[in-house]
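Q: Below is the structure I would like to discuss, written out as structure tokens.
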Amino acid sequence: MLQAARQGGAGVLGSLLTHWQQHAAREVVRCQCGQRMSSHGRRGKRLLTTLGTVPFARSLYQCEQCHQSRFPDDQRLDIINTTYSPGVRRLMARAGSQTDFEQAADDLRCYAGLKIEPREIERIAEEVGRQVEHWLGDEQVQILRRSTPLCPVLETDAKLYISFDGTGVPVRSNELVGRRGRQADGSARTRETKLGCVFTQVGLDKEGYPQRDPDSTTYVGAIESSALFGWRMYAEALRRGLSQAKTVIVLTDGARYNRTIVQTHFPDATHIVDLFHAYEHLTTLAQLRWGPETKAPKAWRDWLEAGKIDRLVRQAGKQLPTCAKSKKSALKELRYFQNNAAQMRYAEFREANLFVGSGVVEAGCRTVIGERLKQSGMRWSVRGANAIIALRCCILSGRFEDFWAARAH
Ligand SMILES: [Zn+2]
């Protein structure tokens, strides 16, 4: 019955398209060179739609001067150089962004009755991903040019959080030429993807802990330099209401390039270094001194939680390991605390009911990036990975329909 309904629907759609094609108001079609193009009859193509295949004959226009040809009907229907309707491309892109392309082909056959090769899903998902990248890129330029938000989006009391982190994505060997990595032989297998998120805090939960506005999280990400990523993050924060927010918090792991991004783009925000990262560094420091099984002394942990970093550094500095190599590493850890002292005033941050952990962006690294791009056996091109990352960020930020709506204009 479903198949019959689809076939019937495809027949109706075909008739509608023919009627539309024959009766739509004709405008003058101009070539890029400015010359008026003339009609040269119709050319047919078979369009795969969500109802099935529909034949479609559209008008061909040609320029007498430079012999360019165009299909204005294709332009209006958003089917230039493709035999997949926007509806089918939307399904292909979504399916291909969720799972590997073989699985996506199975899903589409099962859910939508569409028989499409995995390679085609890969091609279209990456193409749509690149279109999403362009759409977001254009938006970013506009936002940065105006340096005001597009529309008021923030509740008056909402606290705006900006958080970012990196995670490695396995890439093909030609993407790694000249890059040093963490493999035993100094080679690399992955490229760092930077992921950022923006969310708002509405208040406190019953137990008095800060509570995230459940649907407020949006993501941006790419394999790109930290300078470019800084601008991407900044534009997203502006879009989300950075300039209206009374309280802005940036949560990072305290790595140097993250501090640079904060200093460049969010100088007025409260910068907090993730407490759990700080804990890890404290444990490393203790283990350098007392061996691999040790925990950091209770006093150290208490000073850290209290944000008494000067005191922590002073005391830990008195107990440096004797071996030169460990001592060097320990001094590096101490510098981490010294450099981030102002971002570790945890008692004060807690008093102000702020989040002190970057759990949201870390979960994002797993769900947005890891679950799709870091499955076993995967090797990405940077271009392909960035397209899929753009797609996933767009979908998980709840903006995929906005993207298609923008294309329909
Ligand atoms: Zn021309």
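Q: Which one is surrounded by the fewest Cβ atoms within 10 Å (Cβ to Cβ) among residues in region 283-315 that are aliphatic (A, V, I, L, M) and touching a Phe, Trp or Tyr at 6+ places or on another chain (Cβ under 6 Å)? Don't jump to the end; show me each part of the working.
A: Step one: of region 283-315, the residues aliphatic (A, V, I, L, M) are 285-286, 288, 296, 299, 304, 306, 309, 312-313.
Add one more test, that the residue is touching a Phe, Trp or Tyr at 6+ places or on another chain (Cβ under 6 Å), and what stays is 309, 312-313.
Working: I309: 21, L312: 26, V313: 19.
That would be V313.
Q: Only one of these conditions is not met by F337: (1) in a helix (DSSP H, G or I); (2) out of contact with any helix residue (DSSP H, G or I) (no Cβ under 7 Å at 6 or more places or on another chain). Which number is it?
A: Evaluating F337 over (1) in a helix (DSSP H, G or I); (2) out of contact with any helix residue (DSSP H, G or I) (no Cβ under 7 Å at 6 or more places or on another chain) leaves (2) as the failure.
Q: Please specify each residue of region 67-87 satisfying the condition of being within 16 Å of the ligand (Cβ to nearest atom), open to solvent by 60 Å² or more (accessible area, probe 1.4 Å) and part of a loop (DSSP other than H, G, I, E, B).
A: Selection gives H67, Q68.
Q: Something else now. If you take the residues in region 23-65 that are away from the ligand (no atom under 16 Å from the Cβ) and over 30 Å from M92 (Cα atoms), which one is most open to solvent (accessible area, probe 1.4 Å)?
A: The initial filter retains those residues of region 23-65 that are away from the ligand (no atom under 16 Å from the Cβ), namely 23-27, 41-59.
Okay, now just the ones that are also over 30 Å from M92 (Cα atoms), so 23, 25-27, 41.
On the way: H23: 122, A25: 80, R26: 112, E27: 144, G41: 38 Å².
Of everything passing the filter in region 23-65, E27 is most open to solvent (accessible area, probe 1.4 Å).
Q: Continuing with this model, one more query. Scan region 231-255 for residues that are part of a helix (DSSP H, G or I) and either farther than 18 Å from C365 by Cβ or in contact with a Lys or Arg (Cβ under 9 Å, 6 or more places away or on another chain) (or both) and report the count.
A: Here is the first cut: in region 231-255, the ones part of a helix (DSSP H, G or I) are 231-239.
Now narrow it down to the ones that are either farther than 18 Å from C365 by Cβ or in contact with a Lys or Arg (Cβ under 9 Å, 6 or more places away or on another chain) (or both): 231-235, 237-239.
Adding up the residues that qualify gives 8.
Q: Same structure again: Looking at region 154-179, which of the residues that are within 24 Å of I272 (Cα to Cα) and open to solvent by 70 Å² or more (accessible area, probe 1.4 Å) is modelled with the lowest pLDDT?
A: We begin by selecting, within region 154-179, every residue within 24 Å of I272 (Cα to Cα); these are 154-168.
Pick out the ones that are also open to solvent by 70 Å² or more (accessible area, probe 1.4 Å) and you get 155-157.
Working: E155: 73, T156: 69, D157: 77.
Top of the filtered list is T156.
Q: Is it the case that F101 is away from the ligand (no atom under 16 Å from the Cβ) and under 30 Å from N258 (Cβ atoms)? Walk me through how you get there before you give the answer.
A: Working: away from the ligand (no atom under 16 Å from the Cβ): yes; under 30 Å from N258 (Cβ atoms): no.
So F101 fails the test.
This table checks each residue for (1) of a type outside the set (D, E, K, R); (2) part of a loop (DSSP other than H, G, I, E, B); (3) over 14 Å from the mean Cα position of the chain (by Cα).
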{"position": "T167", "(1), (2), (3)": "yes, no, no"}
{"position": "R180", "(1), (2), (3)": "no, yes, yes"}
{"position": "G186", "(1), (2), (3)": "yes, yes, yes"}
{"position": "T193", "(1), (2), (3)": "yes, no, no"}
{"position": "V202", "(1), (2), (3)": "yes, no, yes"}
{"position": "K206", "(1), (2), (3)": "no, yes, yes"}
{"position": "D215", "(1), (2), (3)": "no, yes, yes"}
{"position": "L228", "(1), (2), (3)": "yes, no, no"}
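The values are calculated or read from the model by the stated rules, or taken from the named source; none is laboratory data. This is a predicted model, so every value here is computed, not measured. Every residue, glycine among them, receives a Cβ derived from its backbone with ideal geometry; neighbour counts consider all protein chains shown. To get the accessible areas, we keep the full protein, side chains included, count just its heavy atoms, and leave off ligands, DNA and RNA. Shrake-Rupley method; radii C 1.70, N 1.55, O 1.52, S 1.80 Å.
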